[in-house]
Amino acid sequence: MRHLDHDYVNDLIQRVRRIPADAEPKWGSMSPQELVQHLVMTVKYSMGHAGKTKVTGGWFAKNILGPLIMHGFVKIPRNIRLPKRAIDAQRSQEHADLETFHAVLNQYLDLVQAGEMTPEPHPFFGDIGIDGWDKMHIRHFEHHLAQFGV
């Protein structure tokens, strides 16, 4: 299983770079620009740099669905909706480009490697810790890369 490390980040950035600006997703309605902004916001959220969101997942989400998704046994469902607060936060965020995404990912890795990161709970799966966010970010990134066929 892959881990969120500098090699993965470099590969991820190269793959996102291959998405044409006018690309149509295979599902959903996100544009490539909105995708980058969404991923930036997600990583910032996991670091505690994008506000807090109430955990909405119940026992099943926290104890069954979350681990199944994080360990790759179940894919993230297509067209899943973010909590309204998360959508509003992303819409109000300044323009985020690929360089910003790369910088945020490097900041995330630096905090993890220095042992200085206190991750936020996942909005659906609760307290998943750093290892859970490692797995969840990979699954989330791969979900959206598949959305754009890269």
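The values are calculated or read from the model by the stated rules, or taken from the named source; none is laboratory data. Not measured: the values here are computed from a predicted model. Neighbour counts are summed over all protein chains in view; Cβ atoms, including those assigned to glycine, are modelled from backbone coordinates with ideal geometry.
Numbers for the structure displayed
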| item | result |
| --- | --- |
| Qualifying residues in segment 14-62 (those that are of a type in the set (Lys, Arg) and outside any helix (DSSP H, G or I)) - the one nearest to the chain's Cα centre (by Cα) | LYS52 |
| Scope segment 14-27; condition loosely packed, with under 15 Cβ neighbours inside 10 Å and either within 18 Å of TRP133 (Cα to Cα) or in contact (Cβ under 8 Å) with a residue 60 or more places away in the chain (or both); matching residues | ARG15, ARG17, ARG18, LYS26, TRP27 |
| Residues being closer than 24 Å to SER29 by Cβ and in a helix (DSSP H, G or I) - total across segment 104-137 | 3 |
| Residues being part of a helix (DSSP H, G or I) and either surrounded by 13 or more Cβ atoms within 10 Å (Cβ to Cβ) or at pLDDT 85 or above (or both) - total across segment 63-84 | 8 |
| Considering residues of segment 37-62 that are touching an Asp or Glu at 6+ places or on another chain (Cβ under 7 Å) and not aromatic (Phe, Trp, Tyr) only, the residue modelled with the highest pLDDT | SER46 |
